[in-house]
Amino acid sequence: MSDDFAAPLVAQNLATLAYERLERAIMEGDLPPGERLSESGLARRFGISRGPLREAIGQLEGRGLVERVSNQGARVVALDTPDLIDLMVVREALEGMACRLAAERMAEPDLARLAALLEAHAQAEPIVSGRGYFQGTGDRDFHQLILRASGNRRLAVQLGSELYPLLRLYRHRLSMRPGRPAEALAEHRAILEALSARHPDRAEEAMRAHVRAARQALEEGRGPGPVEAESA
């Protein structure tokens, strides 16, 4: 568990800080899928009252990261394999569209930033060792950069605010399948090549193929099963 997650909160806007702390803990696996969120326990850990914490949990519920379960209270959302496959089908279509738009609209400095990001990924120890393909958020995420370059606000909401937070819970585990880190890096490079060529058709198909490969791993039973309490 990270030191940041365990430290008490001291500030005026406690609900916002509690939200940020809980979101990070969920994304980084300190609070894994299926974990029950004890208001009293978390309030004690953060050193705050239950009111701001309850508000933060409600915000996370609105984003689909937390769900209410009868007689159990709030818990981190847990998706089984059929749920994930459904999400991946939607993701393939939407990310393909985003990549097509980015091929037409992406500025040269953004393409250079994307290329530099992939070079950094290629040298990262987890990818070199085959342990996994772990990305950060925002400008450190290959897909987020492309989505932003698409220039489509509706896509940004549907992917960036709705689908990505859910998928991020499982992306790390999916990337840890043997051989997948090198495959994913090669697929990312094919996407970058199509974007650099300003070829919308190729860019869309390259992105679709990339997302489809992850979905096929799930369909073949090589992805995460129903609710495993382990770090993503």
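Helix 14-27 and the long axis of the chain differ in direction by around 50°, with both axes built from C-alpha atoms. Measure nothing but the geometry: give the 0 to 90° angle between the long axis through the Cα atoms of 81-105 and the longest principal axis through the Cα atoms of the chain, rounded to 10°. Tilt of helix 81-105: around 50 degrees.
Considering helices alone, the calculated mean residue ellipticity of the chain at 222 nm is -19500 deg cm²/dmol, with DSSP H runs of length four and up weighted by -39500 (n - 2.57) and normalised per residue. Protection proxy ranking, highest mean first, for peptides 186-199, 63-76, 33-46: 186-199, 33-46, 63-76, where packing is the per-residue count of other beta-carbon atoms within 10 Å, averaged. Each part gets one Cα centre, and for region 59-97 versus region 105-150 those centres are 24 Å apart.
Coordinate-derived values only; no laboratory data. Please read all numbers here as calculations on a predicted model, not as lab measurements. Every residue, glycine among them, receives a Cβ derived from its backbone with ideal geometry; neighbour counts consider all protein chains shown.
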